[in-house]
Amino acid sequence: MKIVYCIKSLHHAGGMERVTTTKANYFAEQGHDVTIVVTDLSRREPFFLLNPSIHVVDLSINYDEIDGTSRLRKYWHLYKHRQRHRKLLTEYLKQAQPDITISTGYHEFSFLHSIKDGSVKVGEHHGSFGNIKKEHRFSSKNYLRRLMAWWATRSFASHASRYDCMQLLTKEDASFWEGKIKHLQVIHNIVPIHSDITAPLSNKRCIVVARFSHEKNLHEILEIWAMVCARHPDWELVFFGDGYLQQSLEDRARALKIDTSCHFYSPTNTITQEYLQSSILLMTSHSEGLPMVLLEAQEVGLPSICYAFHCGARDVICDAIEAPGFVVPYGDRHAFAEKLSLLMEDEGLRYKMGQAAKANAHRFSPEVILPQWDALFQSLTKEKK
């Protein structure tokens with residue numbers, strides 16, 4: 001089988017790049033002919049190791065170089081880049097004649113389905129309904145905002161329905177899109193790390209791993225920590241990440257007088273060790289796809305407390321055979337603080353949930369997830385014939 005993945009680039013150490021590389025390597029090891037078509041590699045090396053048999057084709061569209069000095073100039077250049085992208089990708093696919101072509105959700109998503117090269121077209125959605133249409137939770141009297149949310153939903157559903165198959169990350173997300181998108185298929189993300197060691201859960205440390213940006217809603221964690229830290233002065237809260245809100249977060253921690261127990265650190269390539277030295281993972285995001293951080297916590301046996309954001313927390317925690325943590329109503333700080341205090345005070349419960357998390361990680365392991373992709377591709381190519 002000849003398989004082509006379309007992605008913006010491979011040189012970043014991001015979740016999408018990791019997952020795409022893992023899937024491409026799997027299919028190459030199965031003996032399939034795999035190509036990854038990128039638009040912005042610009043002679044940079046892929047961050048993750050690729051099987052030597054995998055071909056990488058750079059169309060050199062370079063979306064990152066679009067001139068954004070004015071809104072009009074930006075949109076004009078974006079239009080021109082997409083036109084060139086479509087032309088070059090069409091030429092490549094007609095020449096390569098793949099059996100399966102996959103969009104990972106970048107610029108090609110809006111036109112790949114209409115390219116007539118004979119291949120089965122599969123769309124991947126690495127976000128969720130919550131990412132696209134925030135109006136479902138954040139209602140607004142701003143009618144322009146509501147109109148934009150409606151248009152974003154309609155546009156995504158229109159394009160997604162034109163693919164032979166549209167893959168979503170969670171059952172929860174699929175329930176929102178049911179009736180709006182045809183040919184839905186739910187396949188979870190792969191847990192991105194492997195650890196033979198589980199966290200001992202004896203260290204009095206809570207951990208947050210996230211970009212310091214609006215959608216992660218990290219100020220909420222500070223407010224919750226301020227509610228519990230006085231009762232647990234020997235515990236600490238650590239953040240690993242970076243972003244434009246870092247100074248704002250540090251200022252708020254000082255204003256709440258929790259800065260002695262709350263610490264901020266830059267991203268690290270030894271994050272597994274940081275998980276292993278922690279005892280509870282915290283998440284209060286506005287929306288997610290299927291958060292890698294939550295899957296990583298399962299792999300190291302780390303209990304989690306999450307808001308019921310759309311989407312991911314329910315599929316990971318609520319669908320587990322035994323609870324590996326708590327999902328609390330969105331925005332309920334008191335419920336979150338109550339569950340956090342409970343886990344901080346009860347080492348036995350932490351250990352029980354940690355064991356459940358490690359067992360739960362198997363649901364997202366490569367040996368479980370990758371054969372689902374293989375079966376899907378085999379089924380789609382048979383239907384095409």
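Which residues, taken from segment 243-282, are basic (Lys, Arg) and surrounded by 15 or more Cβ atoms within 10 Å (Cβ to Cβ)?
Residue satisfying the conditions is 252 alone.
So in segment 189-216, with the set limited to residues that are among the charged types (D, E, K, R) and under 18 Å from the mean Cα position of the chain (by Cα), which one is surrounded by the most Cβ atoms within 10 Å (Cβ to Cβ)?
Of everything passing the filter in segment 189-216, 216 is surrounded by the most Cβ atoms within 10 Å (Cβ to Cβ).
Has segment 366-383 got at least one residue that is closer than 26 Å to residue 217 by Cβ and charged (D, E, K, R)?
No, segment 366-383 has no match at all.
Being buried (at least 17 other Cβ atoms within 10 Å of the Cβ) and part of a helix (DSSP H, G or I) is the filter here, so list the residues in segment 158-183 that pass it.
Result: 159, 160, 172, 173, 174, 176, 177.
Any chance segment 312-324 includes a residue that's over 19 Å from residue 349 (Cα atoms), crowded, with 24+ Cβ neighbours inside 10 Å and either touching a residue at least 60 places away in the same chain (Cβ under 8 Å) or not basic (Lys, Arg) (or both)?
Taking every residue of segment 312-324 in turn, at least one turns out to be over 19 Å from residue 349 (Cα atoms), crowded, with 24+ Cβ neighbours inside 10 Å and either touching a residue at least 60 places away in the same chain (Cβ under 8 Å) or not basic (Lys, Arg) (or both).
Counting only residues that are among the aliphatic types (A, V, I, L, M) and in contact with a strand residue (DSSP E or B) (Cβ under 7 Å, 6 or more places away or on another chain), which one in segment 225-248 is farthest from residue 12 (Cα to Cα)?
237
Can you tell me which of 290, 281, 302 is in a loop (DSSP other than H, G, I, E, B), farther than 30 Å from residue 29 by Cα and touching a residue at least 24 places away in the same chain (Cβ under 8 Å)?
302
(1) touching a Phe, Trp or Tyr at 6+ places or on another chain (Cβ under 7 Å); (2) outside any strand (DSSP E or B); (3) farther than 17 Å from residue 198 by Cβ: which one isn't true of residue 239, the others all being true?
The number of the failed condition is (2).
Taking residue 133 as the residue in question, decide whether it is surrounded by 15 or more Cβ atoms within 10 Å (Cβ to Cβ), basic (Lys, Arg) and at pLDDT below 90.
yes
The values are calculated or read from the model by the stated rules, or taken from the named source; none is laboratory data. Here the structure is a predicted model, which means the values were calculated and not measured. Glycine gets a Cβ as well: all are built from the backbone with ideal geometry, and neighbour counts include every protein chain shown.
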